[in-house]
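Worksheet: the structure to be examined is printed underneath.
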Amino acid sequence: MSDLIVAVDGPAGSGKSSVSREAARRLGFAYLDTGAAYRALAWHCLDEGVDVEDAQAVAARVPDFDYAIGMSPDRYFVRVGGEDITPDIREPRVSAVVSAVARVPEVRAGLTELFRRLVAERPEPGVIVEGRDITTVVAPDAAVRVLLTATPEARMARRSAELGTEPTQSTHEQLASRDAQDLKVVDFMNAAEGVTTLDSTELDFEQTVQALIDIVRARPSA
């Protein structure tokens, strides 16, 4: 499995982060959460008082964006300017503006190059890269490309479980809103040509992790 790149896309609440991280741990791979970079940049803009609706102002932050992320499944962290902001990027104020930051073309282009560099510099023999446009933009030539999805109802229930709340209309609306905003930039709801769809609606966490590992091990070049 030397130099193996596994690309995983999926909508909000599909479990792609937790599933990808655990699969990477079991395979001895690195794990790259690309969504964290968009969140970190959104946090940085808020911290610096940048108007996130001003695309030019947001884009201007990209060239000097001092970003670092832990790619070991067991040593995950997110840092900006050397400051650990791992929990901060999940704050509601960041979640509310990350789509505005992520849809700026210069942001996506700059962070795509960052992701490719991080993947190239990793020491591990393989890496699972997950996000919204990994199978089509970031790593379209990856040996394994997977769309991890589930029904809206299943995704809503999982997101509510993460938050420790009962499924509510508010949770559903938040997921739908996030997906709708991001779909303006990239299609992560439908598998592109050559991408394997993994529907986890009827699978629990353990079964989904194993299904992803099975897909990796069953790749044609194995």
In the range 105-138, anything more than 20 Å from R39 (Cβ to Cβ) and surrounded by 22 or more Cβ atoms within 10 Å (Cβ to Cβ) is listed as T135
Exactly one of V19, V6, V52, V62 is over 15 Å from G110 (Cβ atoms), open to solvent by less than 30 Å² (accessible area, probe 1.4 Å), of a type in the set (A, V, I, L, M, F, W, C) and assigned to a loop (DSSP other than H, G, I, E, B), and that one is V52
Taking the range 211-222 and the residues there that are in a helix (DSSP H, G or I) and out of contact with any Lys or Arg (no Cβ under 9 Å at 6 or more places or on another chain), the one that is most open to solvent (accessible area, probe 1.4 Å) would be R217
Filtering the range 203-214 for residues that are closer than 19 Å to D9 by Cβ and over 19 Å from the mean Cα position of the chain (by Cα) leaves a count of 2
Taking V98, is it touching a Leu at 6+ places or on another chain (Cβ under 7 Å), crowded, with 17+ Cβ neighbours inside 10 Å and closer than 19 Å to G10 by Cα?
-> no
In the range 65-95, anything open to solvent by 50 Å² or more (accessible area, probe 1.4 Å) and in a helix (DSSP H, G or I) is listed as R90, P92, R93
Those residues of the range 1-41 that are over 21 Å from F205 (Cα atoms) and free of Cβ contacts under 8 Å to residues at least 60 places away in the same chain come to a total of 3
Considering only the range 157-171, I want to know if a residue exists there that is under 18 Å from A42 (Cβ atoms), at pLDDT below 95, charged (D, E, K, R) and surrounded by 14 or more Cβ atoms within 10 Å (Cβ to Cβ). no
Residues in the range 113-138 that are of a type in the set (V, I, T) and in a strand (DSSP E or B) total 3
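The values are calculated or read from the model by the stated rules, or taken from the named source; none is laboratory data. Since the model is a prediction, treat every value here as computed from it, not as a measurement. No Cβ is skipped: glycine too gets one built from the backbone with ideal geometry, and neighbour counts run over all protein chains shown. Ligands, DNA and RNA are stripped out before the accessible areas are found, and what is left, the full protein with its side chains, is counted by its heavy atoms. Shrake-Rupley method; radii C 1.70, N 1.55, O 1.52, S 1.80 Å.
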